[in-house]
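Below: one structure, written as structure tokens.
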Amino acid sequence: MTAVTARAHTNIALVKYWGKADTELMLPQTSSLSLTLDQFYTDTTVSFDDSLTSDDVVINDQRLAPAASVKVSHVLDLVRQQSGETRFAHVASMNHVPTSAGLASSASAFAALAGAASRAAGLNQSRTELSRLARRGSGSATRSIFGGFVKWQAGTDDASSVAIPIQEDVTWPIAMVALVLDPHHKKVSSTQGMQSSVTTSPYYPAWKQVVAEDLAAITPAILAQDFTTTGEILEANAMRMHALTLSANPPYSYFNGETLAAIATVQALRDSGIACYYTLDAGPNLKVFCQEKDLGAVTTRLASQFSADQVIVAHPGPGIAFL
Ligand code: DP6
């Protein structure tokens, strides 16, 4: 019984994934692009054991009921199919976040699971193959296999829907400041939210066009370390994603009462000459993109308006590692 431990970091999408084209294969409607972050990661240990009669999944020292571990077992089933391994597995996973920030994400979790399970089953898969496997657990996990700036190429089938590193070793002095407004779990899951946007928002066709344009423009901006262009694109892209929730039927929003105040703070910082831009995922918390030279000004302002323990500074982080 060989135990393998993998560590994967979470990522923040700069051009969002918001919609599936194939829910079984987890093929997205569009490509997307993210930055892997150093501060938030998951360590997962997997070992196959012939004394087990079902998969045994423990997350942050809490054992999951079988019904709650369906997605984990789904990824393990794929590994069993690919490797010929027939045993069930022990899975022990720890999410590392600086505070109880609610920022632990399915991206780092399923990327670490894919890596650990694949190796524990004796597969010697490339990172491209691991990104394909991680995708089957959660779409955003596809990108967390790689570090730095990463594109998830939508593809047209299982083989072609994989992550591609754009730039793994980031020398650009930038930061992503997380502002935690609500540490609790989201009320509408990403899976449900994006499905509702795809099927009911009249703006969905326009979103696909927006993503194509944003990807084409942001990639050269990142490589040229063009902060303003990158920031403007990521902020507009996030708001256009959230417009899909407001325009769904029934409409919903991930914003809470403080989200708009936090957005206004970022805009005020910018008006005062501190260049910074915000993005939000499927929740009320902001991530503020800024330059290292402005980090002090940004964190001071956010901590004075909110509180210091709601502000977490992250930088570009690495891809999957085996411990
Ligand atoms: C807003 O990857 O959590 O963070 O594939 O259904 O597991 P599933 O969804 P998930 O959705 C991520 C949505 C997002 C944007 C992004 O990360 O690209």
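What the table shows:
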{"item": "Square roots of five times the Cα gyration tensor eigenvalues for the range 1-97, Å", "result": "27, 18, 12"}
{"item": "Three principal axis lengths of the range 243-286 [C-alpha, angstrom, descending]", "result": "39, 17, 14"}
{"item": "Accessible-area value, residue 157, 1.4 Å probe, nucleic acids and ligands omitted, Å²", "result": "70"}
{"item": "All Cα pairs of the chain, percent lying beyond 29 Å", "result": "35"}
{"item": "D_trans [Stokes-Einstein, Kirkwood Rh over alpha-carbon pairs] for the range 255-323, 25 °C, 0.890 mPa s, µm² s⁻¹", "result": "188"}
{"item": "C-alpha long axis of helix 295-305 to longest principal axis of the chain, angle in °", "result": "80"}
{"item": "Positive-pole candidate from 212, 279, 37, dipole of the chain, charges at beta carbon", "result": "212"}
{"item": "Reach of residue 16 by Cα under 21 Å, taken over lysines that are not fewer than 8 positions away in the same chain", "result": "151, 186, 187, 208, 287"}
{"item": "Mean separation of Cα contacts under 8 Å, 6 or more apart, over the residue count of the range 49-203: relative contact order %", "result": "18"}
{"item": "Tensor-based shape of the range 170-272 (alpha-carbon gyration tensor, a/c under 1.5 rounded, otherwise prolate or oblate)", "result": "oblate"}
{"item": "Normalised contact order of the range 130-175, rounded percent, pairs of Cα under 8 Å and 6 or more residues apart", "result": "34"}
{"item": "Inter-site label distance for residue 203 and residue 60 at 7 Å from Cα along Cβ, in nm", "result": "3.2"}
{"item": "Sequence-separation-based contact order of the chain, relative, with Cα cut under 8 Å and 6+ spacing, percent", "result": "24"}
{"item": "Within the accessible area of the chain (1.4 Å probe), percent carbon and sulfur", "result": "53"}
{"item": "Estimated [θ] at 222 nm from DSSP helical runs (n ≥ 4, -39500 (n - 2.57)) normalised by residues in the chain, nearest 500", "result": "-11500 deg cm²/dmol"}
{"item": "The range 44-201: C-alpha pair distances exceeding 28 Å, %", "result": "26"}
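The values are calculated or read from the model by the stated rules, or taken from the named source; none is laboratory data. Note that the coordinates shown come from a computational prediction; the quantities given were computed from them, not determined experimentally. Cβ sites come from the backbone with ideal geometry, for glycine too, and all protein chains shown count toward neighbours. The protein model used for the area step is the full one, side chains on, heavy atoms only, and it has no ligands, DNA or RNA in it. Shrake-Rupley method; radii C 1.70, N 1.55, O 1.52, S 1.80 Å.
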